[in-house]
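Student: Below you will find the structure I want to go over with you.
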Amino acid sequence: MSVYNLWDKDAKEPVLKTSLSSEWNFKSPVATPRSSSPPSRGGESIFNKYLDLVSSKSNISTEAKQTEPMDRPFDFFDDEEFAFGINLLNNNVACVGHNITKLIQMAQEPWPDNVKLYQPYEVEQILLPDNASCLAVQAFLKMCNLPFEVEMRWNAEFMSPSGRVPFIKCGAFVVSELEPIVQFAANKGVTLCSRLSTEEKAEMRAYMSLITNVLVNAELYISWLDNDTFNAVTKVRNSSVYPWPLGWLQTRSKRNNVAKRLKALHWHDKTLEQVLADVEQCCNSLSQRLGDKDYFFSSSPTELDALVFGHVFTIITTRLPCRKLAETVRRHETLVSLAKRIDERYFKRP
């Protein structure tokens, strides 16, 4: 029986989520265009060398050619081959420029109806930090009224261009994690913060950074460094989709990577009490900013609300051996009410 459950409005105990998907048949994810730099500048530089070479060749006499070989960056057997090389390079530069222009146009096209959001299996595989991130992205897309379909794959993190989940496949584009997806939607003219002032946008980003630096690290700490949670939940769920001993090796490798990340952020040597104190302070800041409003900024949600929902909802509805993290978040009733309000409005769970 899964230890991951979701909130039920009619019962105090969580209700198990039971969605599964078929095996992954998309062998290689499409590389996201935003991760590659335009190669046209390099092509233009080489093409300019060709033009300079043509100009210099016309000014050199036959005697000079016979006595001193011309120093040119590309050596060709005769003039005909030289002209062919220029035409070929010219066509390649034009092709690259055309493809970049086409990608930019595609990025600005309206949101299609066949967008898919990829994430790990909810029932038997997904872990606390990944579940929070996936819920945050789903909430954002629902707030924007952007259609999408959830696809669960055992190797979703390896399909992702950043190695993290979730990610969306939108036409020729593959975009992972909340902030890049928010920017991708903004390029298509869809945004939740257009009404905010410059100061409010900066404040919103500051709070989102606070969540990433505190709640995400706390979730990683509880999942991977707390021995009770690691042995009873993390190790079992993370290795459930791999054959032995691959599951054991992959879990060990991932735990080492998480430990390195937390060491770099000075979280590895913290005690559980220190982690919970940081979470308490983060929740206090968020609660004070939210106050008695429905959302953090006026009467409509932003990506900050989606991010807070993803983490708060996941923490309070996930059963773990270490319940102190959930108990710490539950003490902040305004955040819990926000999570329940977004869940009822946008997810409409029965």
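Laboratory data are not the source of any read-out in this text; all were calculated from the coordinates shown. Quantities reported herein were computed from a predicted structural model and do not represent experimental measurements. Glycine gets a Cβ as well: all are built from the backbone with ideal geometry, and neighbour counts include every protein chain shown.
Student: Determine the alpha carbon to alpha carbon distance for each of LYS116/LYS142; LYS235/LYS263; LYS235/LYS324 and list only those over 18 Å. Write out the running numbers ahead of the final one.
Tutor: Numbers: LYS116/LYS142 13 Å; LYS235/LYS263 20 Å; LYS235/LYS324 20 Å.
LYS235/LYS263; LYS235/LYS324, as the Cα separations exceed 18 Å there.
Student: For the range 177-203 and the range 253-317, what is the separation of their Cα centres, given in Å?
Tutor: Centre-to-centre distance over Cα atoms comes out at 20 Å.
Student: Using Cβ contacts closer than 10 Å as the measure, can you line up ASP292, ASP305 from fewest to most?
Tutor: Numbers: ASP292 6, ASP305 25.
So the ranking, lowest neighbour count to highest, is ASP292, ASP305.
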